[in-house]
Amino acid sequence: MIETNKRKGLDIKDVKQRLNASNEQRLELIVRLGEATNNILRHNEEDLTPLHQLSDQLLNLDIEIYQLLCTLNELSTNNQHCINCQQALVENAKFCGNCGTSNPNFKDATVPQVNCYYCKQLIDEPHMYCPCCGVKQEGM
C-alpha cells in the first residue's frame, strides 16, 4: 500500500512536470503565432498557411494540456487533500476551503457529457465553451 502511494506520488509529479513543459511550449507557440501574424500583415501576404499550421499545432498542444489536466485529476481521485495547498478536503466539496482551488475529485454524476464539436474532447454538456480548446459550442 505504501509503495502504491509512493508510485502515485511520482506519477503526479511526472504529470505536473509534463504539464509545466507543455504550458511553456504553448507560450512559445503563441509568440511564434503572433510574430507570423505580424509578418503576414506587415507584408500584405495573402497566404495564411503558416498561421493555419501554427494554429493546428496550438490546438494539438491545448488537447495535450487538457488531457494532462484530466490525468492529474484522475491520479488524485482518491486523494482527499487539495492538490494546491495539501489541506484536507471536506467530502463532496467543490472547492478547497483553505485556498479556493477547485476540487478535482468533485464530479456531478447527473451532468451528461458530449464531445466538443471542434476538438472532440469529452466535456460536460452544459458548457458554453469547451474547457480544452475554448471554442463556443453550437447551439449555445
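Counting only alpha carbon atoms, the long axis of helix 2-42 and the longest principal axis of the chain meet at about 20°. Charge dipole of the chain (Cα centre as origin; +1 on each Lys and Arg Cβ, -1 on each Asp and Glu Cβ, all else neutral): 560 debye, rounded to the nearest 20. The slack in the chain from residue 12 to residue 101, taken as 0.36 nm per residue of separation less the alpha-carbon distance, amounts to 30.4 nm. The simple spin-label model puts a point 7 Å past each Cα toward its Cβ; for residue 20 and residue 43 those points are separated by 3.8 nm. For the range 83-140, what class follows from the C-alpha gyration tensor (a ≥ b ≥ c being the square roots of its eigenvalues): rounded when a/c is under 1.5, otherwise prolate if a/b is larger than b/c, else oblate? Judged from the Cα gyration tensor, the range 83-140 comes out prolate (a/c at least 1.5, a/b above b/c). Could you check how much of the accessible area of the chain is carbon and sulfur, as a whole percent, using a 1.4 Å probe? So the carbon and sulfur contribution to the accessible surface is 50 percent. Near residue 129, the amide H atoms lying under 5 Å from its own belong to 137; only residues 5 or more places off or on other chains count, and H is placed 1.01 Å from N. Here's the picture: charge each Lys and Arg Cβ at +1 and each Asp and Glu Cβ at -1 in the chain, and of 31, 102, 44 the one pushed furthest to the positive end of that dipole is 102.
Normalised size of the range 48-124, defined as Cα radius of gyration per 2.2 N^0.38 Å with N residues, equals 1.41. Diffusion coefficient of the range 25-82 by Stokes-Einstein, Kirkwood radius over Cα pairs, 25 °C, 0.890 mPa s: 182 µm²/s. Each Cα pair under 8 Å and six or more residues apart adds its sequence gap; the mean of these over the residue count of the range 54-130 is a relative contact order of 19 percent. Let me check I've understood the local charge: for residue 69, count other residues with C-beta under 13 angstrom from its C-beta, Lys and Arg +1, Asp and Glu -1. What total comes out? The answer is 0.
Once C-alpha pairs closer than 8 Å and six or more residues apart are averaged by separation and normalised to the residue number of the chain, the relative contact order reads 17 percent. Between residue 91 and residue 35, the contour length at 0.36 nm per residue exceeds the alpha carbon distance by 15.4 nm. With all pairs of separate Cα atoms included, the chain yields a Kirkwood hydrodynamic radius of 17.6 Å.
Compared with the dominant Cα axis of the chain, that is its longest principal axis, helix 49-75 is turned about 0°. Model label sites at residue 117 and residue 27, defined 7 Å from Cα along the beta-carbon direction, differ in position by 3.4 nm. Pairs of Cα atoms nearer than 8 Å and 6+ residues apart set the relative contact order; for the range 17-83 it is 43 percent. With helices as the sole contributors, the chain gives -17500 deg cm²/dmol at 222 nm; each DSSP H run of n ≥ 4 counts as -39500 (n - 2.57), and the sum is divided by every residue. The largest accessible area among 127, 43 belongs to the first residue in 43, 127, and the rest follow in falling order (1.4 Å probe, all chains).
In the chain the longest region clear of trypsin sites (Lys or Arg not before Pro) that are loop-assigned by DSSP and have at most 16 other C-beta atoms within 10 Å covers 1-93.
The values are calculated or read from the model by the stated rules, or taken from the named source; none is laboratory data. Since the structure is predicted, the reported quantities are computational estimates derived from the model, not experimental observations. Reconstructed Cβ throughout: ideal geometry from the backbone, glycine too, with neighbour counts over all protein chains shown. Heavy atoms of the whole protein, side chains included, go into the accessibility calculation; ligands, DNA and RNA do not. Shrake-Rupley method; radii C 1.70, N 1.55, O 1.52, S 1.80 Å.
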